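Working notes for the structure below.
Any read-out appearing in this document is the output of simple, stated calculations on the displayed coordinates, not a laboratory observation. Note that the structure is predicted; figures quoted are calculated from it, not measured.
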Amino acid sequence: GQQVMQIPQYQHVQEGEDFTTYCNSSTTLSNIQWYKQRPGGHPVFLIQLVKSGEVKKQKRLTFQFGEAKKNSSLHITATQTTDVGTYFCAGYTGGFKTIFGAGTRLFVKA
Amino acid sequence: ETGVTQSPTHLIKTRGQQVTLRCSSQSGHNTVSWYQQALGQGPQFIFQYYREEENGRGNFPPRFSGLQFPNYSSELNVNALELDDSALYLCASSLSAGTPNTEAFFGQGTRLTVV
């Protein structure tokens with residue numbers, strides 16, 4: 001069945017360092033969403049990418065959607081302690097079914 | 001806050017029992033999706049309801065069932081509970097408006113423990 005793989009599983013960074021998480025789908029995606037979940041919280045929508053090769057920025061966060069629409073990445077520049085949490089990608093191929101990756105948990109040391 | 005509320009927040013049930021979880025969607029949203037999130041894992045799609053009809057289902061057995069009401073609130077029912085059903089159950093509401101996948105607003109979840 002359709003799978004969405006996300007790496008790395010964990011990432012420890014020093015505050016100020018950059019961070020990247022990668023998402024790969026076994027099938028072509030119609031679109032991909034990114035969510036952030038703080039410890040003990042619920043997923044919060046960050047962004048949706050739809051077009052092949054699309055790049056979107058939100059302050060220190062940069063999101064990319066691959067040309068083949070099978071992979072995506074989230075890059076955070078100069079991490080801050082407020083960036084702590086788990087980042088999930090969620091891929092959609094149609095059929096009203098969204099597949100979440102397992103997430104990348106980010107730890108930021110001050 | 002998202003405006004999506006779930007109840008109860010925590011629940012402990014015995015294996016074999018049945019449970020009903022509830023979700024009130026954000027005002028104006030007509031689509032509700034339910035997810036199961038095991039500890040340290042990503043949310044797993046259970047099913048989605050749009051205008052009171054189930055229009056998508058993940059790889060969950062029939063003992064997982066749901067309802068959506070005219071006010072777009074929703075219930076998730078799980079029969080014959082198993083230990084592996086212990087998880088955080090998340091409800092997400094969205095405005096479908098003809099586009100299958102739109103921004104979803106999650107509730108705080110119900111933490112279900114099966115003993």
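Over all directions, what mean area does the Cα convex hull of segment A:22-104 project, stated in square nanometres?
5.4 nm²
Where Rh is the Kirkwood radius over the Cα pairs of the protein assembly as shown, the temperature 10 °C and the viscosity 1.306 mPa s, what D in µm²/s does Stokes-Einstein return?
For the chosen part, D equals 89 µm²/s.
Over the Cα atoms of chain B, each weighted equally, I'd like the Debye log10 I(q)/I(0) at q = 0.10, 0.16, 0.21 Å⁻¹, rounded to two decimals.
Per q value, in the given order, log10 I(q)/I(0) is -0.26, -0.66, -1.14.
How about residue A:59: which aspartates and glutamates have a C-alpha closer than 17 Å to its C-alpha, ignoring those fewer than 8 places off in the same chain?
List returned: A:15, A:17, A:18, A:83.
Once phi is turned into θ = phi - 60°, what whole-Hz ³J(HN,Hα) does the Karplus curve with 6.51, -1.76 and 1.60 give for every residue of segment B:83-88, x standing for Gly and Pro?
My calculation for segment B:83-88 gives 4, 5, 6, 5, 5, 8 Hz in order.
If the cut-off is 20 Å between C-alpha atoms, which aspartates and glutamates fall inside it for residue B:13, apart from same-chain ones fewer than 8 positions away?
Correct list for residue B:13: B:75, B:82, B:84, B:85.
Around residue B:47, which amide H atoms from residues at least 5 apart in sequence, or from another chain, sit under 5 Å from its own amide H, with H modelled in the peptide plane?
Amide H to amide H, under 5 Å and 5 or more residues apart or across chains, residue B:47 pairs with B:34, B:58.
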